[in-house]
């Protein structure tokens, strides 16, 4: 999973404009983020048609605010540069919850 550098929303959209993308908003100090991290490689494998990126919320405070990300861990999904879904809150997420979320995207 590639970690995105600090950027603004227009830069993000330029980078992810093609294909299906999952953004994982996280921070090193976040225990609920650390809880889901071990499951991410398997989630990536199960959803191989998506490109996954890690976004450090502390390095991307402005981007998180632009995208209304006020709780982590959070997932935002794009297809062709358009947002198609979000699992955004401060609650701990299980592998099953993330996979159910991704499976139900249209």
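Descriptive notes on the structure:
- Residue 31 meets each of the listed conditions (1) touching a strand residue (DSSP E or B) at 6+ places or on another chain (Cβ under 8 Å); (2) within 19 Å of residue 96 (Cα to Cα); (3) exposed (fewer than 12 other Cβ atoms within 10 Å of the Cβ) apart from (1).
- A single member of 15, 20, 93 is surrounded by 14 or more Cβ atoms within 10 Å (Cβ to Cβ) and free of Cβ contacts under 8 Å to residues at least 12 places away in the same chain, and it is 15.
Here's the yes/no breakdown for (1) part of a loop (DSSP other than H, G, I, E, B); (2) surrounded by fewer than 19 Cβ atoms within 10 Å (Cβ to Cβ):
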{"residue": "11", "(1), (2)": "no, yes"}
{"residue": "25", "(1), (2)": "no, no"}
{"residue": "36", "(1), (2)": "no, no"}
{"residue": "40", "(1), (2)": "no, yes"}
{"residue": "43", "(1), (2)": "no, no"}
{"residue": "48", "(1), (2)": "yes, yes"}
{"residue": "54", "(1), (2)": "no, yes"}
{"residue": "63", "(1), (2)": "no, no"}
{"residue": "72", "(1), (2)": "yes, no"}
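Each value in this text was obtained by applying a stated rule to the coordinates, not by laboratory testing. Given the structure is predicted, the values throughout are model-derived calculations rather than measurements. With ideal geometry, Cβ positions are generated from the backbone for all residues, glycine too; neighbour counts draw on all protein chains shown.
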